[in-house]
């Protein structure tokens with residue numbers, strides 16, 4: 001392990017897999033280590049510490065984590081390898097047995113990396129049982145472009161039959177609105193223009209502070225240093241009419257919604273233990289389009305869930321064909337140890353999952369093209385990013401249209417009115 005007296009000479013590399021929440025947390029870890037004098041290694045430098053923040057949402061995610069750990073260890077053979085995140089929490093023994101791993105930290109230990117480095121722990125694995133995961137550490141990170149990600153909530157109490165996130169992240173918990181508002185304002189004063197609100201189940205915000213997600217967005221809407229907020233994925237049953245009415249009249253919250261449907265079959269939704277049916281979901285989409293006709297709506301769908309027969313998949317296809325949305329995010333069902341879904345029959349073959357995914361992705365492409373065509377001739381505020389490619393610069397409108405224009409350095413990190 002590393003002695004505190006030589007922190008100043010150390011370099012670290014960070015690798016993140018999975019969701020935006022993980023990216024926000026990795027950024028905070030980097031800040032903690034930087035405060036100790038551990039700087040981020042530059043390209044070509046050998047690192048002294050490697051931190052891999054993992055995902056475990058699917059079996060493929062686990063595989064990618066193992067590959068990343070081995071690849072990074074090969075690139076930095078002398079470095080201390082620390083693995084944290086959902087894969088580390090759920091399968092700590094499996095992770096600790098990967099060659100080259102020196103330290104495995106679970107969900108509760110993720111933000112205590114510095115302490116473990118300083119205290120030279122003799123145990124390789126430090127994981128708190130799921131029922132005891134209670135800490136909440138707010139995070140606000142800036143990606144490589146212009147937006148920030150503000151972690152407002154963690155954990156989930158829903159226990160959908162196919163999902164291990166509650167086992168990896170623990171119970172629903174959140175930060176206090178006053179602190180989150182302060183973090184958002186700080187990001188704005190440091191030059192941030194857009195903040196994406198992230199969490200595991202952000203609509204469930206308030207379990208630990210007696211506040212609500214609606215209270216949060218009302219408070220953030222008054223942060224004058226930030227020009228735009230986005231709400232990341234939010235459960236349809238938690239996307240209330242008062243939230244939609246507020247966003248429709250807000251000057252800062254973007255007309256952009258990411259809503260998990262998971263299946264367009266009521267039978268499969270029950271197997272999944274989801275908290276709504278297709279009629280409710282349809283009413284929510286129709287409410288959005290009535291209030292915000294130009295809103296971008298992204299929808300998550302899982303194909304090949306145990307019990308999803310060919311006929312039930314056709315119900316999903318038909319349901320989605322009749323909905324007004326902009327894009328699908330399609331995921332193949334993955335067997336997760338310890339989940340209730342393992343008891344459901346019949347199973348769906350990998351080949352059938354792939355075929356169903358292709359059908360939904362083709363529909364998504366058509367819906368996205370239709371949405372883009374509907375926006376031609378309209379004028380939107382575009383936040384331009386730093387990226388320059390082929391003398392073009394890129395940015396996003398409030399309703400999530402990616403725009404390319406000739407590069408203008410004066411427009412970097414600026415919001416400009418653009419006719420689409």
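The values are calculated or read from the model by the stated rules, or taken from the named source; none is laboratory data. If you're wondering where the values come from, they're calculated on a predicted model, not measured in any experiment. Reconstructed Cβ throughout: ideal geometry from the backbone, glycine too, with neighbour counts over all protein chains shown.
Checking every residue in the stretch 133-143 against the condition of being surrounded by fewer than 17 Cβ atoms within 10 Å (Cβ to Cβ), in the same structural domain as residue 268 (by TED's automatic domain parsing) and without any contact (Cβ under 8 Å) to a residue 24 or more places away in the chain gives zero matches.
Would you check which residues across the stretch 337-374 are in the same structural domain as residue 298 (by TED's automatic domain parsing), in contact (Cβ under 8 Å) with a residue 40 or more places away in the chain and more than 20 Å from residue 316 (Cα to Cα) and list them? Hits for the stretch 337-374 are 337, 338, 339, 340. Could you check the stretch 148-161 and list, in sequence order, the residues that are surrounded by fewer than 21 Cβ atoms within 10 Å (Cβ to Cβ) and closer than 30 Å to residue 227 by Cα? Those that are surrounded by fewer than 21 Cβ atoms within 10 Å (Cβ to Cβ) and closer than 30 Å to residue 227 by Cα: none in the stretch 148-161. For the stretch 195-209, what are the residues that are in contact with a helix residue (DSSP H, G or I) (Cβ under 6 Å, 6 or more places away or on another chain) and crowded, with 24+ Cβ neighbours inside 10 Å? Answer for the stretch 195-209, where residues must be in contact with a helix residue (DSSP H, G or I) (Cβ under 6 Å, 6 or more places away or on another chain) and crowded, with 24+ Cβ neighbours inside 10 Å: 195, 198, 205. Answer yes or no as to whether residue 8 is outside the structural domain of residue 350 (by TED's automatic domain parsing), at negative phi and surrounded by fewer than 22 Cβ atoms within 10 Å (Cβ to Cβ). So residue 8 passes the test. Tallying residues that are at positive phi and in contact (Cβ under 8 Å) with a residue 24 or more places away in the chain within the stretch 200-246 yields 1.
Rundown of residues vs (1) at pLDDT below 95; (2) more than 19 Å from residue 63 (Cα to Cα); (3) out of contact with any strand residue (DSSP E or B) (no Cβ under 6 Å at 6 or more places or on another chain); (4) loosely packed, with under 15 Cβ neighbours inside 10 Å, yes/no style:
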{"site": "92", "(1), (2), (3), (4)": "yes, no, no, no"}
{"site": "99", "(1), (2), (3), (4)": "yes, no, yes, yes"}
{"site": "107", "(1), (2), (3), (4)": "yes, yes, yes, no"}
{"site": "110", "(1), (2), (3), (4)": "yes, yes, no, no"}
{"site": "117", "(1), (2), (3), (4)": "yes, yes, yes, no"}
{"site": "123", "(1), (2), (3), (4)": "yes, yes, yes, yes"}
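Yes or no, residue by residue, for (1) within 21 Å of the chain's Cα centre (by Cα); (2) more than 18 Å from residue 303 (Cβ to Cβ); (3) buried (at least 22 other Cβ atoms within 10 Å of the Cβ); (4) touching a residue at least 24 places away in the same chain (Cβ under 8 Å):
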| residue | (1), (2), (3), (4) |
| --- | --- |
| 250 | no, yes, no, yes |
| 253 | yes, yes, no, yes |
| 263 | yes, no, yes, yes |
| 276 | no, yes, no, yes |
| 279 | no, yes, no, no |
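Name every residue in the stretch 366-404 that is in contact with a helix residue (DSSP H, G or I) (Cβ under 8 Å, 6 or more places away or on another chain) and over 19 Å from residue 255 (Cα atoms), in order of residue number. Residue satisfying the conditions is 393 alone.
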